[in-house]
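This report refers to the structure that appears directly beneath it.
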Amino acid sequence: MRVYVPLTLSGLAEAYKTGELGDGPFVAYAVTPGLREWYLSDDIEELEYAALSRAALASLRLLAADPGAVRRRVVVAVDVPEGAAVADPDRGLDPSVLGEVRIGGAVSLAKAASVHVDADDAEADVAAAAEALQAADAGDDDAQFVVDGAEDHELLWFARQEIPNLVGLGD
């Protein structure tokens, strides 16, 4: 099963150093029954993109909670065994947790299929979105517009082997 783990660049650096994502339990995003129902599509690529987008928003939340973090969203796509990612069936259609799953224990970074990171030119919009997130959550339409501005930036795709360069540990 493919899951999308939201991180920051410093979280990715830590995962690279330890060789593991999370220490369990931790939150990731996947194509859940609730996400399928909400998105109204049977196209698995579209559904996986929706799960990736949900993880990107969760990464933005991590950035909002860490003012010192580099203002670039990070999502790691990783394959876990069936049953390792569990969705809460009682909250499946809650818009705030669509696609959310819990992973019970650490996952080897070697299982990462890809890493998705904002380009440098997204940093200003991502920083503004992180600042506006709390107001957007409270219903401020102007703040939501700012948050949506970050979502206009597509995350770039990187292979797992490129992580050292992403976190400043490459040659």
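In this structure, does Glu82 turn out to be acidic (Asp, Glu) and either outside any loop (DSSP other than H, G, I, E, B) or buried (at least 22 other Cβ atoms within 10 Å of the Cβ) (or both)? Give the steps one after another, and end with the answer.
Numbers: acidic (Asp, Glu): yes; either outside any loop (DSSP other than H, G, I, E, B) or buried (at least 22 other Cβ atoms within 10 Å of the Cβ) (or both): no.
No, not satisfied.
Can you name the residue in region 115-150 that is outside any helix (DSSP H, G or I) and more than 15 Å from Thr8 (Cα to Cα) and, of all such residues, is modelled with the highest pLDDT? It would help to see each step written out before you state the result.
The first filter runs over region 115-150 and keeps only residues outside any helix (DSSP H, G or I), leaving 115-119, 138-140.
Right, trim to more than 15 Å from Thr8 (Cα to Cα) and you get 138-140.
Working: Ala138: 91, Gly139: 91, Asp140: 94.
Ranking the qualifying residues of region 115-150, first place goes to Asp140.
Give just the number: which of (1) surrounded by 19 or more Cβ atoms within 10 Å (Cβ to Cβ); (2) closer than 21 Å to Tyr39 by Cβ; (3) hydrophobic (A, V, I, L, M, F, W, C) does Ala112 not satisfy?
(2)
In the list Ala143, Ala124, Ala106, which residue meets the criterion of being in contact with an Asp or Glu (Cβ under 6 Å, 6 or more places away or on another chain) and on the phi < 0 side of the Ramachandran plot? Break it down into steps so the answer makes sense when it comes.
On the way: Ala143 fails: in contact with an Asp or Glu (Cβ under 6 Å, 6 or more places away or on another chain); Ala124 fails: in contact with an Asp or Glu (Cβ under 6 Å, 6 or more places away or on another chain).
Criteria check complete, one pass: Ala106.
This table checks each residue for (1) surrounded by fewer than 21 Cβ atoms within 10 Å (Cβ to Cβ); (2) touching a residue at least 12 places away in the same chain (Cβ under 8 Å).
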site: Ala56; (1), (2): no, yes
site: Ala69; (1), (2): yes, yes
site: Asp88; (1), (2): yes, yes
site: Ser96; (1), (2): yes, no
site: Val107; (1), (2): no, yes
site: Glu123; (1), (2): yes, yes
site: Leu133; (1), (2): no, yes
site: Asp141; (1), (2): yes, no
site: Glu154; (1), (2): yes, no
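Only one of Ala130, Ala122, Ala150, Ala135 is over 15 Å from Val70 (Cβ atoms) and small (Gly, Ala, Ser); which? Give the steps one after another, and end with the answer.
Values: Ala130 fails: over 15 Å from Val70 (Cβ atoms); Ala122 fails: over 15 Å from Val70 (Cβ atoms); Ala150 fails: over 15 Å from Val70 (Cβ atoms).
Of Ala130, Ala122, Ala150, Ala135, the one residue that is over 15 Å from Val70 (Cβ atoms) and small (Gly, Ala, Ser) is Ala135.
If you scan region 1-52, which residues turn out to be part of a helix (DSSP H, G or I), of a type outside the set (Val, Ile, Thr) and without any contact (Cβ under 8 Å) to a residue 24 or more places away in the chain?
From region 1-52, those part of a helix (DSSP H, G or I) are 9-18, 33-39, 44-52; that's our starting set.
Checking which are of a type outside the set (Val, Ile, Thr) leaves us with 9-17, 33-39, 45-52.
Across region 1-52, the qualifying residues are Glu14, Lys17, Arg36, Tyr39, Glu45, Glu46, Leu47, Tyr49.
Please tell me if Val70 is at pLDDT 85 or above, under 19 Å from Asp23 (Cβ atoms) and not in a helix (DSSP H, G or I).
Working: at pLDDT 85 or above: yes; under 19 Å from Asp23 (Cβ atoms): no; not in a helix (DSSP H, G or I): yes.
No; evaluated as a whole, the condition is false for this residue.
Identify, by number, the condition in (1) part of a loop (DSSP other than H, G, I, E, B); (2) closer than 21 Å to Leu12 by Cα that Val101 doesn't meet.
(1)
The values are calculated or read from the model by the stated rules, or taken from the named source; none is laboratory data. What you see is a predicted model, and the numbers here were worked out from it, not measured in a lab. Here Cβ is always computed from backbone atoms with ideal geometry, including for glycine, and neighbour counts include all displayed protein chains.
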